[in-house]
Amino acid sequence: MKIRIKNNYEQLHSCMLGDVDFSVLGSISKNKREKLKYILEQTQEDLNNYKTQLESYGVDVYRPKILDCSKPVVTPYYETIGHRIPLTPSDSFFINNNTIIETASWTPENVFIGMYWRDVTRQAFSNGANWLNMPPPLHAKNEIDPMDDEIPNFDPIIDGPCMYLHDDIILLSEQGAANQLGTEWMRRQFKDQTLIELNPKIFKGHLDSHLNILRPGLIVTWHSPDDFPEYFKNWEFIKVEPLHPKSEFIDSKIQDDDYSNTVLLCNSLSVNQDTILVETTAKYNNNTFLKELEKHKMNIEFVKFEWEHFFGNGLTCITLPLHRED
Amino acid sequence: MHTNFNLNFHHKINFEVFHDRAPVTVDINLNGSLIQSKTYTPGLVHKEKLIFDREVLDGAKNTIQFIFTGEQESSKKYLKIKNISVQQYKVNVMKNYYTPIINKEWWNTLTDSKKKYYKDVIYINNNGIFGWYGISEYEYYSGIDKASRYLCDAAAEDRLLTMTPRFVYNDPATITLPWDKDEN
């Protein structure tokens, strides 16, 4: 297995694809279990179909080994009710060229997420990839000051999607799912690259919900071009409309209004510079986006991930490209 | 009154109730405490706007519960939750936990595809419209500011499922995303 990522649009050869873990239901309140079991069943079916779609493009798809995530995590500093399901590998890894980094999450329940994917990282390492793991945060409650920021700055913390790689640069988001030490940790790993911190008031949290570079010079975003740094001067922007007209019921695919920094159309996954995978909801709620893609001669293939709005995760959250063409 | 750890949050709920031929009752609770219990006469669409302030805790999960009851069954009855806001933050009316009271004999007569259809309706595809008697619940988390979100034990279930917990902060000025704000 080869690890090689330089951007988000060259030909995709292999990727991780998340999965659900039904043992999580043991950690969930009884009144919610029936509903969540139903959603997990449907999601599992969608993920398996998504795997088939990816394979039809010649992509090797790696899935997590399912562990018992209802076991509490106990450390000297905190204890959890269980472990996070491995639905969103991109949250927990960042791949830059042939280096794969297991990132440190602000979520204590995420601390051993790399174990779900250990078969993949072992294989990648034996095939020559660099394999790094950020120090796990203590998440010590006695260190937290009520006047702290959203994520206190004691240990380096940064979710994988707080970084967006584009060849020689890395775009950074330092708020929402990262802290200053997290971005500094990354700067020291990648001294030869330019790290550009985006305006934290505008680009907060996971950047794949804010922008998606489809080709050199072509970017999808729901922000104004004026919000972008100099690097994007003279680029062409495809606008995603962030607001659904109202929180209205359309069908089972659309059941909320994309809150919390998440505009899931941005999270569409490029197979290559000409083909993009888009969740089927887009057929109903944002024709402008699809028309713009068609105008740029993109082939659009729809992927059913019916509960993406329930989870707040899009296609780029549930997949992690491991190898794209150089 | 606000203290360092207790918050007084402003709630607004718009809902509609109907039964074609018998009275129905809607009880509304917040965290197990009754906010309003009201019985509605049949044959009329009752449009309600409930506004109340209640103390909630910093870093806590809060549950708004609707209990829809009546003596007589009818296919022409419903409770429709049109809008919920807390401190001007919108609570997604489509994200609910619904436990309907369903006649098992009727359920057992359904084909698998019909059962799938109704499960979709019960679990997600209901747009806040509840046609069976039963309990529907909405959740949000309360906090003084965003520091309250980090390590919020009450939100652990959402985190396990990779979901983003719906936090409501004390200051409505913290609403930066237009789709988070209730304009009504």
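The values are calculated or read from the model by the stated rules, or taken from the named source; none is laboratory data. Here the structure is a predicted model, which means the values were calculated and not measured. Cβ atoms come from the backbone with ideal geometry, glycine included; neighbour counts cover every protein chain shown.
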(request) Output the number of the condition that A:Ile39 fails; it satisfies all remaining conditions of (1) buried (at least 20 other Cβ atoms within 10 Å of the Cβ); (2) of a type in the set (A, V, I, L, M, F, W, C); (3) within 13 Å of chain B (Cβ to nearest Cβ); (4) not in a loop (DSSP other than H, G, I, E, B). (result) (1)
(request) Residue by residue through the stretch A:11-21, note down the ones that are more than 10 Å from every other protein chain (Cβ to nearest Cβ) and either crowded, with 18+ Cβ neighbours inside 10 Å or modelled with pLDDT under 95 (or both). (result) A:Leu12, A:Ser14, A:Cys15, A:Met16, A:Leu17, A:Asp19
(request) Test each condition in (1) part of a loop (DSSP other than H, G, I, E, B); (2) surrounded by 22 or more Cβ atoms within 10 Å (Cβ to Cβ); (3) of a type outside the set (S, T, N, Q) for A:Gly205 and report the one that comes out false. (result) (2)
(message) Going residue by residue through the stretch B:58-65, is there one that turns out to be loosely packed, with under 15 Cβ neighbours inside 10 Å and among the acidic types (Asp, Glu)?
(response) no
(message) Regarding the stretch B:66-79, can at least one residue be identified that is surrounded by 15 or more Cβ atoms within 10 Å (Cβ to Cβ), among the basic types (Lys, Arg) and more than 30 Å from B:Leu7 (Cβ to Cβ)?
(response) yes
(message) One residue is enough: does the stretch A:263-278 have a residue meeting the conditions within 14 Å of chain B (Cβ to nearest Cβ), at pLDDT below 70 and in contact with a helix residue (DSSP H, G or I) (Cβ under 8 Å, 6 or more places away or on another chain)?
(response) yes
(message) Kindly evaluate A:Asn199 against the criterion of being over 24 Å from A:Arg4 (Cα atoms), in contact with a helix residue (DSSP H, G or I) (Cβ under 6 Å, 6 or more places away or on another chain) and either free of Cβ contacts under 8 Å to residues at least 24 places away in the same chain or within 14 Å of chain B (Cβ to nearest Cβ) (or both).
(response) no
(request) Take the stretch A:279-308 and flag every residue that is part of a strand (DSSP E or B) and within 18 Å of the chain's Cα centre (by Cα). (result) A:Glu279, A:Val303
(message) Which residue is farthest from A:Asn267 (Cα to Cα), if the candidates are limited to the stretch A:214-243 and must be within 14 Å of chain B (Cβ to nearest Cβ) and either assigned to a loop (DSSP other than H, G, I, E, B) or among the basic types (Lys, Arg) (or both)?
(response) A:Ser224
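To keep it simple, each residue is scored yes or no on (1) buried (at least 20 other Cβ atoms within 10 Å of the Cβ); (2) of a type outside the set (Lys, Arg); (3) farther than 19 Å from A:Leu320 by Cβ.
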| residue | (1), (2), (3) |
| --- | --- |
| A:Gln44 | no, yes, no |
| A:Asn48 | no, yes, no |
| A:Leu67 | no, yes, no |
| A:Val74 | no, yes, yes |
| A:Ile81 | no, yes, yes |
| A:Thr99 | no, yes, no |
| A:Ser105 | yes, yes, no |
(request) Filter the stretch A:135-144 down to residues that are more than 8 Å from chain B (Cβ to nearest Cβ) and either of a type in the set (Asp, Glu) or surrounded by fewer than 21 Cβ atoms within 10 Å (Cβ to Cβ) (or both) and give me whichever is farthest from A:Trp185 (Cα to Cα). (result) A:Asn142
(request) Could you run through the stretch A:42-53 and say how many residues are of a type outside the set (A, V, I, L, M), touching a residue at least 12 places away in the same chain (Cβ under 8 Å) and within 14 Å of chain B (Cβ to nearest Cβ)? (result) 4
(request) Filter the stretch A:309-326 down to the residues that are buried (at least 19 other Cβ atoms within 10 Å of the Cβ) and assigned to a loop (DSSP other than H, G, I, E, B), then identify the one that is farthest from the other protein chains (Cβ to nearest Cβ). (result) A:Gly314
(message) Suppose we filter the stretch A:77-103 for residues that are under 20 Å from A:Lys65 (Cα atoms) and not β-branched (Val, Ile, Thr); how many remain?
(response) 12
(request) Would you list the strands (runs of 3 or more DSSP E) that sit entirely within the stretch B:52-166 and hold 3 or more residues that are closer than 24 Å to B:Gly32 by Cβ, more than 10 Å from every other protein chain (Cβ to nearest Cβ) and touching an Asp or Glu at 6+ places or on another chain (Cβ under 8 Å)? (result) B:60-70, B:77-86
(request) Answer yes or no as to whether A:Asp226 is modelled with pLDDT under 95, more than 24 Å from A:Asn98 (Cβ to Cβ) and over 20 Å from the mean Cα position of the chain (by Cα). (result) no
(request) Assess whether A:Ser27 counts as being within 14 Å of chain B (Cβ to nearest Cβ), of a type outside the set (A, V, I, L, M) and touching a residue at least 24 places away in the same chain (Cβ under 8 Å). (result) yes
(message) Go through the stretch B:23-42 and report how many residues are aliphatic (A, V, I, L, M) and out of contact with any strand residue (DSSP E or B) (no Cβ under 6 Å at 6 or more places or on another chain).
(response) 1
(request) Look at A:Ser70 and say whether it is more than 23 Å from A:Phe305 (Cβ to Cβ) and among the polar types (S, T, N, Q). (result) yes
(request) Give the number of residues within the stretch A:75-107 that are within 14 Å of chain B (Cβ to nearest Cβ) and not charged (D, E, K, R). (result) 18
